[in-house]
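The values are calculated or read from the model by the stated rules, or taken from the named source; none is laboratory data. Keep in mind that this is a model prediction, so the values were computed, not measured. Cβ placement follows ideal geometry from the backbone for every residue including glycine, while neighbour counts extend to all protein chains displayed. All accessible areas refer to the heavy atoms of the entire protein, side chains included, with ligands and DNA or RNA removed. Shrake-Rupley method; radii C 1.70, N 1.55, O 1.52, S 1.80 Å.
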Amino acid sequence: MSYTLPPLPFALDALEPVLMQHQMEVHYTKHHQGYCNKTNAVLKDQPLASHPIEYVLDHVDELPAEIRQKVINVGGGLANHTFFWHSLSPVTQ
């Protein structure tokens, strides 16, 4: 499995004026994409890489000791950003 940047559940400008489009672009296309790239790199050739990142993080003790913390850091960033985007909504009440 190669981790890819999941689509946002809303347009980049949908949260304005609370979060500006530029902020969203930087956080989504730079930071979140960076976590995808770094997670793919650190898990290259690892059997657990065929699983969703949440599974990998839950089974991090099965990875070689020398990459565990890196997987926690970058894989955690990938999972947290994906969760974060889905906790936001452009709908107001």
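Key figures for this structure:
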item	result
Tilt relative to the chain, helix 76-86 - C-alpha long axis, 0 to 90 degrees, to 10	30 degrees
Largest-first principal axis extents, alpha carbons of the chain, Å	46, 23, 20
The chain, accessible surface, carbon-and-sulfur percent (1.4 angstrom probe)	56 percent
Total formal charge among the other residues, if their Cβ is under 13 angstrom from that of P64, Lys/Arg +1 and Asp/Glu -1	-1
Solvent-accessible heavy-atom area per residue, rounded to whole Å², over region 21-70 at 1.4 Å	64 Å²
Angle between the chain longest axis and helix 33-42 axis [Cα atoms, degrees, rounded to 10]	0 degrees
Around V42: net Lys/Arg minus Asp/Glu count, Cβ-Cβ under 12 Å	+2
